[in-house]
1. Would you tally the residues in segment A:128-147 being over 20 Å from the mean Cα position of the chain (by Cα) and in a helix (DSSP H, G or I)?
2. So is B:Arg80 under 30 Å from A:Arg103 (Cα atoms) and of a type in the set (Lys, Arg) or not?
3. The conditions are (1) touching a Pro at 6+ places or on another chain (Cβ under 8 Å); (2) within 10 Å of chain A (Cβ to nearest Cβ), and B:Leu150 fails exactly one of them. Which is it?
4. I need the full set of residues from segment B:137-159 which are in contact (Cβ under 8 Å) with a residue 24 or more places away in the chain and either over 22 Å from A:Trp146 (Cα atoms) or assigned to a loop (DSSP other than H, G, I, E, B) (or both), in order please.
5. When residues of segment B:95-117 are filtered for being farther than 20 Å from B:Glu13 by Cα and either aliphatic (A, V, I, L, M) or more than 8 Å from every other protein chain (Cβ to nearest Cβ) (or both), how many remain?
6. What number of residues within segment A:103-130 satisfy the criterion of being exposed (fewer than 13 other Cβ atoms within 10 Å of the Cβ) and of a type in the set (Val, Ile, Thr)?
7. What tally of residues in segment A:96-127 results from selecting those that are outside any loop (DSSP other than H, G, I, E, B) and touching a residue at least 60 places away in the same chain (Cβ under 8 Å)?
8. Among B:Lys30, B:Lys51, which is within 30 Å of B:Phe149 (Cα to Cα), basic (Lys, Arg) and touching a Gly at 6+ places or on another chain (Cβ under 9 Å)?
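The values are calculated or read from the model by the stated rules, or taken from the named source; none is laboratory data. Being a predicted model, the structure only gives us computed values, none of them experimental. Cβ coordinates were reconstructed from backbone atoms using ideal geometry, including for glycine residues, and neighbour counts include every protein chain displayed.
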Amino acid sequence: MRSGLSEHALHRHVADLEVRHGRLPWLHPVDSYGSEAPHLEAVVCHPVALRSGAPRSAEVPKRLVTHQRGDDTLRDVSDVPSNSGGDDLASEWRSEFEAAARRPLRVRFRYAFVHTYKPVLDDVGYRSFDTMADYRAWCEQELPSWLGYGR
Amino acid sequence: MAASKFEYTQAEEIRDVFAKHGVRYLFLGKSGAILLGYPDTTQDTDLFVDKTPENCAALAIAIEELGFALTDPQRAEVLRGKDFIQLKDGPFDLDLVFAPDGIERFADAWGRRVEVEGFAVCHPVDIIASKQAANRAKDRESLPRLRAFLDYWRARGGS
């Protein structure tokens, strides 16, 4: 018998993960096929953005529009505190780069490319623009700002 | 949108089919950075393609061979190298970029390219330059980490 999403390993271990790593950002159901899912991009790419002790200069990633599990609204989590401490940003990134360098390309691929629905952007099979400026203007005008394609 | 995420085997297909037809291309954007070892996630596969008529003709054949069905008007747009073409109805999502922000000429980027397991990839300096010029919220967010990666990549022997 196939197990339901709630019995999925990831969902079973949410409480443990959040105790260990702090609050996890979640994708809103509108962005993940109607059910909540951990925002892997936010977790994998920008864990430091969730840290309360991390430096907050203009250079630090600021925007992480995501969703709090069980909450029906979207919000910016860049100011959400976490209990995961405040290591140096550069050394954290360096250890991520080193970990990636130890993996073969085929393995990096498996975890690097994700597949989620992006409203508007994914709604047609083909589009083209005469200039990049036209494309950027279209993104500004047509895409939800939280996708991050705006300037 | 495509039925599934971009897989390594599909990247190999791009590499092999493009080589077979002599298409000059470079992986650009985050997908390019990932090929260079940058740990991150993305949905997009961006290819910077040389805009010469011969290359566009070869490209049209190659992408159809990869499983992207083009209508006649769409094929005509590929043949004339429209600056930005987004294909979302094929085996994977693919952006064809003929004039990326921040990179003046394909030949320059080609001269600086990095080869990774046979994949032609933009130099990280070009990837950063294009993101800097695009200046979208998502680009601004990723730039500090990309710059740190460039330093790391150079320290490991990248030139």
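1. First, the residues of segment A:128-147 that are over 20 Å from the mean Cα position of the chain (by Cα): A:128-138, A:140-142.
Filter once more, so that each one left must be in a helix (DSSP H, G or I): A:132-138, A:140-142.
Residues in segment A:128-147 being over 20 Å from the mean Cα position of the chain (by Cα) and in a helix (DSSP H, G or I): 10 in total.
2. Values: under 30 Å from A:Arg103 (Cα atoms): no; of a type in the set (Lys, Arg): yes.
No: the conditions fail for B:Arg80.
3. Against the list (1) touching a Pro at 6+ places or on another chain (Cβ under 8 Å); (2) within 10 Å of chain A (Cβ to nearest Cβ), B:Leu150 comes up short only on (2).
4. Answer for segment B:137-159, where residues must be in contact (Cβ under 8 Å) with a residue 24 or more places away in the chain and either over 22 Å from A:Trp146 (Cα atoms) or assigned to a loop (DSSP other than H, G, I, E, B) (or both): B:Phe149, B:Leu150, B:Trp153, B:Gly158.
5. 13
6. Residues meeting the conditions: 2.
7. Number satisfying all stated conditions: 1.
8. On the way: B:Lys30 fails: touching a Gly at 6+ places or on another chain (Cβ under 9 Å).
Just a single option satisfies the conditions, and that option is B:Lys51.
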